[in-house]
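Below: the structure, in structure tokens.
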């Protein structure tokens, strides 16, 4: 049985560390001086992040901190044992205890999971598991946690979702190829106007940043649906439910108002276009049957309603509590 | 527990492996359709296959690709590379067991996946890949007779993506390939027919399962394919026909089980 836990830990490392080349990121982090780290890991609200180099380093650090969040979630879900190698603990100390990294995940962009990992493994005597769980229940959680990991991996590796989340988080792109600036306003205006969608069709600029953001929006909403389904299925295991919720806490908590409002605006804009009766006619030689049009419209309106319900559920602050309460014990 | 937890492969998009914890002697590869996802397209398959003892010595791979990017043939070249790479057990890195050889490779594809896989296998014949003799092809709602493009975009995309597909999809090259009577459809059929009376017949003869009244693809016989006795499946659809649902719709899983 212990081999299974070891295999799971190894595979979390293969999937979320080795594939992203996080050893390289850690070495890069070690080479930086204190003032360099202070500058690179600053609060973007005080001084915007402008250069590609800065964005790229912060992305890499996010992934490295994210790896510790995934390990912490694995422990809380009873998916792995709270036993790590000396090397990993040494690395976690130098990273998570670093003054500027700590400020980054505690103050500027507060995240519970890496902080909990630090408190448990660096400041306390390890994780105390008070929860007795029956095997069947744990098996169900294992399956749901793995299902989540697959969805999460798809979300973090998707370029379109990246484009969308970047502009959602106040980012701005200038698309040289199409001579066009793209920000969140531009996206919502396009999705809320059949005239603009028609223009997009005419130009056929499917390699544009705007088009990538449109699909990023669609894929992100679909990801949230899968996320909500998984969390609903974990209703009987509130600690695991809360731990998995915390993996995207930046979006569901820090960005709660912005994300909730923005997604609802996007969905309402799409609804307006649907109610205007707009859709693309891709193949002029193919007649569109009235029945198909009707079913698609009904399905689309339902999909928008479901998306709104899922977003409301994910923004529910109750989901953060079990982990927060446990964290206070350390 | 018969299999590893999911292992994320770097080939394709979101491709994932569940390796047998015993010495594997069979391989199943799943290939999704237009705008499907590596695992999502197949619903409960990953749970059912990893829990069933009959699959305990079977490695299971879910191949994913960005179906909007490129033509069907482009996708098939990538898939062929993938299939060639994984046609012998690849678990040495994890030191699960000593590498062996597969005795059987089952390729399961849905919709557009049928075009991608067929093109790849035709090239595997031309390039004389030895593993091709181990392969058996299973196709759910295959698009090898072509698809109604508008219905494909409006009816077959998952969840919220169908909304965006309906209002913002472009006529991409892959949609041209999927159109009824397209050069790609004709090319694959002509090449497949060429092997009718050859030893490659077994490789290209797929077991096909259609959905009764499929609104997306053209249901009809194809070259020398073998139709499953329960095909077309009633009270199903283009999207549902490949998705097993516990206690409700088990046919896809039963079919795979009989082949393994």
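If you take the Cα atoms of the stretch A:36-184, find Rg, then find the Kirkwood Rh from the mean of 1/r over all pairs, what is Rg/Rh?
Result: Rg/Rh = 1.04.
Could you tell me how many degrees, from 0 to 90 and to the nearest 10, lie between the Cα long axis of helix A:135-157 and the main elongation axis, the longest principal axis, of the Cα atoms of chain A?
Approximately 60 degrees, to the nearest 10.
Assign one of three labels to the protein assembly as shown, namely rounded, prolate or oblate, based on the Cα gyration tensor with a ≥ b ≥ c the square roots of its eigenvalues; rounded applies when a/c is under 1.5, prolate when it is not and a/b is larger than b/c, and oblate otherwise.
In terms of gyration-tensor shape, oblate.
Could you please rank B:118, A:58, A:155, placing first whichever residue has the fewest other Cβ atoms within 10 Å of its Cβ? Let's see the in-between values first.
Working: B:118 26, A:58 17, A:155 20.
Lowest to highest Cβ neighbour count: A:58, A:155, B:118.
Give the residues of the stretch A:181-212 whose amide nitrogen is closer than 20 Å to a point set 7 Å from the Cα of residue A:59 in the direction of its Cβ.
A:181-184, A:207-212
Describe numerically, in nm with one decimal, the distance between label points set 7 Å from Cα along Cα→Cβ at residue B:103 and at residue A:140.
Here the modelled spin labels are 3.8 nm apart.
Using Cα-Cα distances under 8 Å and only pairs 6 or more residues apart, what relative contact order does chain A have, in percent?
Reported relative contact order: 19 percent.
Give me the extension gain from residue A:189 to residue A:316: residue separation times 0.36 nm, minus the current Cα-Cα distance, reported in nm with one decimal.
Difference between extended and current length: 42.9 nm.
For chain A, find the longest principal axis of its Cα atoms and tell me its angle to the long axis of helix A:194-203, 0 to 90°, nearest 10.
With rounding to tens, the tilt is 90 degrees.
Relative to the present Cα-Cα distance, how much length would full extension add between residue A:275 and residue A:45 at 0.36 nm per residue of separation? Mind showing how you got there, number by number?
On the way: separation 230, 0.36 × 230 = 82.80 nm, distance 3.82 nm.
Gain in length upon complete extension: 79.0 nm.
Please report, largest first and rounded to whole Å, the three semi-axes of the ellipsoid equivalent to the stretch A:61-124, where each semi-axis is the square root of five times an eigenvalue of the C-alpha gyration tensor.
On the way: eigenvalues 66, 35, 20 Å².
After scaling each eigenvalue by five and taking roots: 18, 13, 10 Å.
Compute the relative contact order of chain B as a whole-number percentage, counting only Cα pairs closer than 8 Å that sit 6 or more residues apart in sequence.
19 percent
Could you state, as a whole-number percent, how many of the C-alpha pairs of chain B are farther apart than 22 Å?
52 percent
If I build a Gaussian network model for chain A, linking alpha-carbon pairs within less than 10 angstrom, which residue out of A:48, A:114, A:82 has the largest mean-square fluctuation?
A:48
Can you give the FRET efficiency to the nearest 0.05 for residue B:220 and residue B:85, using r as the Cβ-Cβ distance and R₀ = 60 Å?
0.95
What's the extension gain from residue A:301 to residue A:236 if we count 0.36 nm per residue and subtract their Cα-Cα distance?
Between residue A:301 and residue A:236, full extension yields 20.3 nm more.
Can you give the three extents of the C-alpha atoms in the stretch B:115-260 along their principal axes, from longest to shortest, in whole Å?
Its Cα atoms span 45, 39, 23 Å along the three principal axes.
For the stretch A:90-118 and the stretch B:150-212, compute the distance between their C-alpha centroids and round to whole Å.
50 Å
Looking only at other chains, what is the average number of their beta-carbon atoms within 10 angstrom of each beta-carbon in B:4-17?
Other-chain Cβ atoms within 10 Å of each residue's Cβ, averaged: 4.
Relative to the first principal axis of the alpha-carbon coordinates of chain B, what is the inclination of helix B:72-86, with its axis defined by its Cα atoms, in degrees from 0 to 90 and to the nearest 10?
10 degrees
To the nearest 500 deg cm²/dmol, what mean residue ellipticity at 222 nm is calculated for the protein assembly as shown from DSSP H runs of n ≥ 4 alone, each contributing -39,500 (n - 2.57), summed and divided by the residues? Before the final figure, lay out each step's value.
Details: 25 runs with 298 residues, N = 590.
Mean residue ellipticity at 222 nm (helix-derived): -15500 deg cm²/dmol.
When a/c is below 1.5 the answer is rounded, else prolate if a/b is larger than b/c, else oblate, so apply that to the stretch A:278-330 with a ≥ b ≥ c taken from the square roots of the Cα gyration tensor eigenvalues.
Prolate is the answer for the stretch A:278-330, as a/c is 1.5 or above and a/b outweighs b/c.
Each reported figure results from applying straightforward, stated rules to the coordinates on display, with no laboratory input. The model shown is predicted, which means the values in this text are computed figures rather than measured ones. All Cβ positions, even for glycine, are placed from backbone atoms using ideal geometry, and neighbour counts span all protein chains on display.
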